[in-house]
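Scroll down for the structure; my scribbles are underneath it.
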Amino acid sequence: TSGVNVATISQDTANAFIASQFNGSQIKSEDINQIDEDDMEEMDIKWNMALLSMRADKMGLELHG
């Protein structure tokens, strides 16, 4: 995307995280590089929708509970 979004996980961030967490595991950089940028964006959108849904549910419970 062209805009800056704090909640967006960039490809570089994902690579750095996986490299730091799975040192010596079966996951390789070549595998990570096969993740399509559109797939990353779709996962980010789904994650944000899930977070918003949980917040909305919590707000509903606070308002009606």
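Just for segment 30-44: of the residues that are exposed (fewer than 12 other Cβ atoms within 10 Å of the Cβ) and assigned to a helix (DSSP H, G or I), which one is modelled with the highest pLDDT?
Filtering segment 30-44 down to residues exposed (fewer than 12 other Cβ atoms within 10 Å of the Cβ) leaves 30-31, 33-34, 36-39, 42.
From what's left, assigned to a helix (DSSP H, G or I): 30-31, 33, 37-39, 42.
Details: E30: 73, D31: 72, N33: 73, E37: 82, D38: 85, D39: 86, E42: 91.
Out of the qualifying residues, it is E42.
Rundown of residues vs (1) of a type in the set (G, A, S); (2) at pLDDT 80 or above, yes/no style:
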residue: V6; (1), (2): no, no
residue: T13; (1), (2): no, no
residue: G24; (1), (2): yes, no
residue: K28; (1), (2): no, no
residue: N48; (1), (2): no, yes
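The values are calculated or read from the model by the stated rules, or taken from the named source; none is laboratory data. Keep in mind that this is a model prediction, so the values were computed, not measured. Reconstructed Cβ throughout: ideal geometry from the backbone, glycine too, with neighbour counts over all protein chains shown.
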